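K.L.:
Sharing a structure here in structure tokens format.
Every read-out reported here was derived from the displayed coordinates using simple, explicitly stated rules and does not represent laboratory data. Bear in mind the structure is a predicted one, so any value in this text is a computation, not a measurement. Cβ: placed from backbone, ideal geometry, glycine included. Neighbour counts: every protein chain shown.
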Amino acid sequence: MLEQLAEWVFQIDFLVMIFRITAPILFAALAAVVAEKAAMSNIGLEGTMMLSALFGFLFAYWTQSWLLGVLGAVLVGTLLALMMGFFYLEFKTDIILAGIAVNMLGEGGAIFLLYMFTGLRGNTAKLVSPNILIPTIEIPLIKDIPFLGEILSGHCILTYVAFLLVWLIWLFLYRTPLGLNIRAVGESPEAASSVGVSVKRVKYIAIAMSGALAGLGGAFMSMYYSQGWNQGMVAGRGFIALAAQAMGRGEPVGAMLTSLLFGTAHGLSTKVAGLPNVSSFLVSMIPYAVTILGLFIYAWNRTRKLRKRGIRRLTGI
Amino acid sequence: MLDRRMTQFNILRGAVAIFFALFVAAIFVFLTSESPLESLRYLLIGPLVSVKNGAVSFNMRNMLEVLAAMIPTIFTGLAVCVMFSANQFNLAGEGCVYVGAFVGGLIGVYWDLPPFIHPLVATLVAGVVCAVIMLIPALAKVILGASEMVTSLMLNYVMLYVSMHFLNFHFANRSRGATMTHDFRESARVFQIVPGTSKLSWGFIAALILTVIMWFFMYRTRWGYSIRMIGINESFALYSGMNVAGMIIVSQMIGGMLSGMGGSLEVLGRYNQFLWLSLPGYGWTGITIAILARNNPGAVPLAAFFLAYLNKGCMLMSTKTHVPSEMIDIIQAAIFLFFAAEQFLSGYRQKIVVKTTREELLKQGNADIENGGE
């Protein structure tokens, strides 16, 4: 069994699959990173992805253009995040509760809105056509390199965007004034506001960016990954992204590495599911269980380091 | 004076929140329904009255069904109240309802116990199992400092899939077309209060009894006080010598236990077998209920009734006028957002505080003048 697993890990189609599975988690994890940098836990990523996936697909269907669809998904993601931001910043709703409300909207609201706009129930299988799915691209030169070329070329455009964004978000957070403001507001809102930074404005921008990134993740899900929108599509990826953010120490590159870890776990689970005498239910559990384990190991490491520096947490342990 | 006006203000604010939510709902009804007024009638008063040939009569059956639907959500609502009171955003109630229902159902099938004792034991065991499961996020929080929120969200999926595994490969009744356990023993059934199809079982009474117990626990015991104090100010609780770590663990275990018990009572009172193949959603409804009840266990039944009523209204609207019943999630999210909004209508609250203080100062001033005159 283990030999079998080791064999898979180095197969080309498996490596290609990992990139595909990781991309939507990575989008959401980056969304969580940006929000968390401004001290906001965006638990609404799950619902945001669900609704932006739906509307991305619908916009693409109405305009028959995948690009407009993706932009529509980003728009819907941003609007939902701004709604969360509005309740959080103007009405002092706890950001976690605002996120739970967005998830409720994503759960049943998406089904309701699908019916409202199209008369369909549960999925959009009837509306799918190749020209509204996000295309894949071959990269010149790289595609001719043996082995590597097959792994790195021929992915969906958004997959490249996801990995490119890791670098862009890092640049944004650490090399631009706005990024600096976001980090300042997250670390010490009082200090930031004392030097004239509008905490509220910066938080609005951060949560809106977070929503836009989740929107890209949603578009990836419905317009490439599962080729159409359906009810159980997002399946906790928004939540896994929160874990990826925490384990990646809230940094873009760390989030990418942990997203890849979860992507690999997910990929392995789909491979194992094909074996005889394996319970598909226990296999489905693997990505979530790996996430919990990863989170514990990360938290344990951090606590140990803090303790070495003589810092104890409030609970006294 | 201020207290009374604040209560009035809170009631007003709740009413405005509900009005906003229903207004949003009405907009969506007008966008989807072919006969919006009829749809709205079913949504708002459908569960209460039935109209036949122009004659309006009280609809007993629908009301009993609304009460029956409150059984699991009162339990999850209480569970969330306790956990959120301690500022523990543990969201695994959803998975615990499922596991509790599964464990309770299995005991109902395989153990041999006298009637009345049987469902009681099944429910208690289900509660204990879920309390133990909740040790995972609770201990991880206290010992490792891992966020209970993320752990519990992942745990929901783990609980679902592990239970599904055992259901499919060990306990499934293969003579049935769909995946389900064997039939519960006759002794394991939770009896119905009212004969008929409403499914209003004694589980409802159990839910009300637990409401009283949990209210007493939260407001009249030392543990309950500690839990609430941790939620208000964790540093204060720690420095005044409370066992913060212990209470964080206890609050989450109680949450798991209540959710598990709710799941068990629900299946033993409503079905003949355990046949859930996905998470039932009662855990999330419990969060809305706790927000509506402002974490006060005493208000949980009222909040549960309100949501069960709206849910039934949505169901009726869906079957009679084809507006999808998932609309309940939109209404619920809207109510949720406005109720959780601390500063919603805060300008008005400020005016009340200022007005009351002025009046009191004036009164005091007058009294001082009178005293000075003597």
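K.L.:
B:VAL49's amide H: which non-local residues (gap 5+, or another chain) put their own amide H closer than 5 Å, with H modeled 1.01 Å from N in plane and none for Pro or chain starts?
P.N.:
Those lying under 5 Å, H to H, from B:VAL49 are B:ASN59.
K.L.:
Chain A: longest stretch without exposed chymotrypsin sites (Phe, Trp or Tyr not before Pro) (DSSP loop, at most 16 other Cβ within 10 Å), sites themselves excluded?
P.N.:
Answer - A:148-317.
K.L.:
Where does chain A land at 222 nm, in deg cm²/dmol rounded to the nearest 500, when only DSSP H runs of n ≥ 4 count, each adding -39500 (n - 2.57), divided by all residues?
P.N.:
-23000 deg cm²/dmol
K.L.:
Then there is this: Which value at 222 nm does chain B reach when only helices count, each DSSP H run of 4 or more adding -39,500 (n - 2.57), with the total divided by all residues and rounded to the nearest 500 deg cm²/dmol?
P.N.:
After summing the helix terms and dividing by the residues of chain B, the value is -24000 deg cm²/dmol.
K.L.:
Translational D (Stokes-Einstein, µm²/s) of the stretch B:1-148 at 20 °C and 1.002 mPa s when Rh comes from the Kirkwood sum over C-alpha pairs?
P.N.:
On the way: Rh = 20.0 Å.
Translational diffusion coefficient: 107 µm²/s.
K.L.:
In vacuum, with every alpha carbon of the stretch A:1-157 counted as one equal point scatterer, what does the Debye formula give for log10 I(q)/I(0) at q = 0.08, 0.16, 0.17 Å⁻¹? Two decimals, please.
P.N.:
-0.33, -1.01, -1.07
K.L.:
Specify the inter-centroid distance of the stretch B:243-262 and the stretch B:299-350, based on alpha-carbon positions, in whole Å.
P.N.:
27 Å
K.L.:
Among B:HIS118, B:HIS322, B:HIS182, which comes first, second and so on when ranked by fewest other beta-carbon atoms within 10 Å?
P.N.:
B:HIS322, B:HIS182, B:HIS118
K.L.:
May I pose another question? For a test of the definition: using alpha carbon positions, the gyration tensor, and the 1.5 limit on a/c, classify the stretch A:139-240 as rounded, prolate or oblate.
P.N.:
Judged from the Cα gyration tensor, the stretch A:139-240 comes out oblate (a/c at least 1.5, b/c at or above a/b).
K.L.:
Once both axes come from the Cα atoms, what is the angle between helix B:346-373 and the longest principal axis of chain B, in degrees from 0 to 90, rounded to 10?
P.N.:
40 degrees
K.L.:
Loop only per DSSP, at most 14 neighbouring Cβ atoms within 10 Å: give me the GluC sites (Glu not before Pro) in the stretch A:80-166, ordered by residue number.
P.N.:
Taking the stretch A:80-166 and a limit of 14 other Cβ atoms within 10 Å, the loop GluC sites (Glu not before Pro) found are A:GLU138.
K.L.:
List the trypsin sites (Lys or Arg not before Pro) within the stretch B:18-65 that fall in a DSSP loop (any state other than H, G, I, E or B) and whose Cβ has at most 10 other Cβ atoms within 10 Å.
P.N.:
Numbers: sites: B:ARG41, B:LYS52, B:ARG61; in loops: none.
Within the stretch B:18-65, no trypsin sites (Lys or Arg not before Pro) qualify (loop, at most 10 other Cβ atoms within 10 Å).
K.L.:
Rule-of-thumb check for chain B: C-alpha Rg over 2.2 N^0.38 Å? Spell out each step's value before the answer.
P.N.:
Numbers: Rg = 23.6 Å, N = 374, 2.2 N^0.38 = 20.9 Å.
Dividing the Cα radius of gyration by 2.2 N^0.38 Å gives 1.13.
K.L.:
While we're here: Using only Cα atoms and rounding to the nearest 10 degrees, what angle (0 to 90) does helix B:300-321 make with the longest principal axis of chain B?
P.N.:
60 degrees
K.L.:
Restrict the search to the stretch B:263-362; then list the GluC sites (Glu not before Pro) that DSSP places in a loop and that have at most 15 other Cβ atoms within 10 Å of their Cβ.
P.N.:
When the GluC sites (Glu not before Pro) of the stretch B:263-362 are filtered for loop state and at most 15 Cβ neighbours within 10 Å, B:GLU342 remain.
K.L.:
Also, quick follow-up: Whole-Hz Karplus ³J(HN,Hα) for the stretch A:77-82, in order, using 6.51 cos²θ - 1.76 cosθ + 1.60 and θ = phi - 60°, x for Gly and Pro?
P.N.:
x, 5, 4, 4, 5, 5
K.L.:
Classify the protein assembly as shown: rounded, prolate or oblate, from the alpha-carbon gyration tensor (a ≥ b ≥ c, eigenvalue square roots; a/c under 1.5 rounded; otherwise prolate if a/b is larger than b/c)?
P.N.:
rounded
K.L.:
Using the alpha-carbon centroid of each, what span in Å lies between the stretch B:103-132 and the stretch A:109-155?
P.N.:
48 Å
K.L.:
Kirkwood hydrodynamic radius (Cα pairs, Å) of chain A?
P.N.:
With all distinct Cα pairs of chain A included, I get 20.4 Å.
K.L.:
Let me ask something else. Cα axis of helix B:282-292 to longest principal axis of chain B: angle in degrees, 0 to 90, nearest 10?
P.N.:
Helix B:282-292 sits roughly 10 degrees off the main axis of chain B.
K.L.:
Okay, moving on. Can you give the FRET efficiency to the nearest 0.05 for A:ALA125 and B:VAL51, using r as the Cβ-Cβ distance and R₀ = 41 Å?
P.N.:
Plugging the Cβ-Cβ distance into 1/(1 + (r/R0)^6) gives 0.55.
K.L.:
Could you put B:ILE335, A:ILE286 in order, starting from the residue whose Cβ has the fewest other Cβ atoms within 10 Å?
P.N.:
Ordered by Cβ neighbours within 10 Å, fewest first: A:ILE286, B:ILE335.
K.L.:
State the Cα centre-to-centre distance between the stretch B:23-80 and the stretch A:13-78 in whole Å.
P.N.:
If you average the Cα positions of each part, the centres end up 35 Å apart.
K.L.:
Among the listed pairs A:LYS92/B:LYS355; A:LYS203/A:LYS308; A:LYS92/A:LYS203; A:LYS37/A:LYS200; B:LYS52/B:LYS199, which have their C-alpha atoms separated by more than 22 angstrom in this model?
P.N.:
With Cα atoms farther than 22 Å apart: A:LYS92/B:LYS355; A:LYS203/A:LYS308; B:LYS52/B:LYS199.
K.L.:
Also: At R0 = 60 Å, how high is the FRET efficiency between B:PHE169 and B:ARG294 if r is their beta carbon distance? Nearest 0.05 is fine.
P.N.:
Working: r = 44 Å, r/R0 = 0.73.
Result of the calculation: an efficiency of 0.85.
K.L.:
How much of the calculated P(r) for the stretch B:170-293 lies past 21 Å, in percent of all Cα pairs?
P.N.:
Tail of the P(r) past 21 Å holds 55 percent of the pairs.
K.L.:
Report the full-extension gain for the segment A:THR118 to A:GLN231: residue separation times 0.36 nm, less the Cα-Cα distance, to one decimal in nm.
P.N.:
Contour length minus the Cα-Cα distance gives 39.2 nm.
K.L.:
Treating only the Cβ of Lys, Arg, Asp and Glu as charged (+1, +1, -1, -1), what charge dipole size does the stretch A:23-238 show about its Cα centre? Round to the nearest 20 debye.
P.N.:
Magnitude of the dipole: close to 260 debye.
K.L.:
Could you tally the net charge around A:PHE220, taking each other residue with its Cβ under 14 Å from the Cβ of A:PHE220, Lys/Arg +1 and Asp/Glu -1?
P.N.:
Around A:PHE220, the surrounding residues sum to +2.
K.L.:
Quick one: if you stick a label point 7 Å off each Cα along the C-beta vector at B:ALA15 and B:ASN243, how many nm between them?
P.N.:
The answer from the label model is 4.6 nm.
K.L.:
Taking the Cβ of B:CYS81 as the centre, find all other residues whose Cβ is under 14 Å away and add up their charges (Lys, Arg: +1; Asp, Glu: -1). Could you put the intermediate results ahead of the total?
P.N.:
Working: positive: B:ARG228, B:ARG294; negative: none.
So the environment of B:CYS81 carries a net charge of +2.
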